[in-house]
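Below is one structure; the comments refer to it alone.
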Amino acid sequence: MRIDANFYGSVPMPDAGYGGPDPVDRRYGNDDVIACYDNLTHWAGTMDRLGYDTMWLTEHHFQYEGYEVTPNLILFGLHLAKETERLRLGQMFNVVPQWHPLRLAEDAASMQILTDNRMQFGVGRGTVPREAQSLGGVVASGDNEMSAELDRVNRELFEESMEIIKAAWTQERFSFSGKHFTLPPPGIPDRGSTVKDLTLIPKPIAPIDIWQAVTSPKTLEYCARVRHHAVIPARGPAATRQWWEDFGEQAASHGWELAAGEARCLAINVHVGRTHDDAVRTGRDPHDEWIKFLSPYGRFRAYAMPDGSPTPFDHKPPLDDTIAQQMMAIGSVDEVAETLADYRDVLGCEHFVLFFDMPGLTREQMDEQLELTATEVLPRLGIALAD
């Protein structure tokens, strides 16, 4: 079974939790960002030593609030590759509408070559208007009432970009004409002629699997149709099973026959303690800061309300609901193992991406999370990380 970990890349935040400032009132400087980078480098070494498969990072921009301060995951991944021996390095996710597709294709191919094929490639459509519009794209968000028009344009940009990236990787010469991109642009003079096609330099040295965030039925169908691997977030075992199986059924309808755990992974937050009380004590503030930060983006709409009423877009679930509904695996070693086993057995899951990195955890606490999971939680599931 494959075990990865994802890192959101937040600065040290000792006042995380509901007792601290609102996210919009936080402001950090460059020294704090550098401290985050030092921590990520250290944790990559811990993961490498323990035998985790892949360390994934998260792209965001202009995050003075201190969350997700890694804007270029390919560049950072190259750095981490120099600091580790076998750990694979991935992007969860490159926000494709914020890139020029040919620059992303070039950079990914370069990273694959320079890391001797230790790169994992992940893509998403984005969530934050501040960065999307500043970098030439658009995105639907709670800040614009989930605009259907912006979502349509964002999806068009994303899908055209992915066509271009894949053509550039696999064709010696390529061209593209779409609604948003024409490559090469018509009429470029070139030594007595005009440019009719382009050749990507460099190209990948091996096929690149594409991992994509799946958070809507439309994206699920798209991924299955174009054979992107699905990153499916935990919504509780029963609800997640519907998404998991729908992906397999959609893939089959497009001629892509998959085993139950193939071409998809489960992304789930984890916080483990030696006892339940230890996990709650050390995990409550990081959990609550995570909720504060992400609730304006509708991140927690999959939770069930106690009275059966519709879940608000900006729902802020308490820790007890998170644990009871198994939205995250939080608890003692045995309890976390039991939650992960439930997902594994219900889904036929063969690939976990564990999100340990909630804001407020210290370097030492994160090391403990990685160590406890590797040496005590996973063996209870019959999983031994690579020696």
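When you check VAL24 against the structure, is it of a type outside the set (D, E, K, R) and assigned to a helix (DSSP H, G or I), yes or no? Yes: the conditions hold for VAL24.
Of the residues that make up the stretch 9-18, is at least one in a loop (DSSP other than H, G, I, E, B), aliphatic (A, V, I, L, M), touching a residue at least 12 places away in the same chain (Cβ under 8 Å) and in contact with a Pro (Cβ under 6 Å, 6 or more places away or on another chain)? Yes, because at least one residue in the stretch 9-18 is in a loop (DSSP other than H, G, I, E, B), aliphatic (A, V, I, L, M), touching a residue at least 12 places away in the same chain (Cβ under 8 Å) and in contact with a Pro (Cβ under 6 Å, 6 or more places away or on another chain).
Among LEU157, LEU200, LEU220, which is the only one that is over 22 Å from ASP107 (Cα atoms), crowded, with 19+ Cβ neighbours inside 10 Å, under 28 Å from the mean Cα position of the chain (by Cα) and at pLDDT 95 or above?
LEU220
Filtered by the rule that a residue be within 25 Å of SER141 (Cα to Cα), among the hydrophobic types (A, V, I, L, M, F, W, C) and either surrounded by fewer than 21 Cβ atoms within 10 Å (Cβ to Cβ) or over 16 Å from the mean Cα position of the chain (by Cα) (or both), the stretch 268-292 gives a lone residue, ILE291. The single condition among (1) charged (D, E, K, R); (2) in contact (Cβ under 8 Å) with a residue 12 or more places away in the chain; (3) closer than 21 Å to GLN91 by Cβ that ASP38 does not satisfy is (2).
Is at least one residue of the stretch 104-115 charged (D, E, K, R), closer than 24 Å to LEU200 by Cα and in a helix (DSSP H, G or I)?
Checking the stretch 104-115: at least one residue is charged (D, E, K, R), closer than 24 Å to LEU200 by Cα and in a helix (DSSP H, G or I).
Of the listed requirements (1) assigned to a helix (DSSP H, G or I); (2) within 30 Å of ASP116 (Cα to Cα), THR240 misses just one: (2). The set of residues in the stretch 312-340 that are surrounded by 15 or more Cβ atoms within 10 Å (Cβ to Cβ), part of a helix (DSSP H, G or I) and over 19 Å from the mean Cα position of the chain (by Cα) comprises LEU319, ASP321, THR322, ILE323, VAL333, GLU335, VAL336, ALA337, GLU338, THR339. Filtering the stretch 128-145 to residues that are under 19 Å from the mean Cα position of the chain (by Cα), of a type in the set (Gly, Ala, Ser) and either assigned to a loop (DSSP other than H, G, I, E, B) or at pLDDT below 95 (or both) leaves ALA140, SER141.
The values are calculated or read from the model by the stated rules, or taken from the named source; none is laboratory data. The structure displayed is predicted, hence computed values, not measured ones. Quick reminder, even Gly has a Cβ in these numbers, built from the backbone with ideal geometry, and neighbours come from all protein chains shown.
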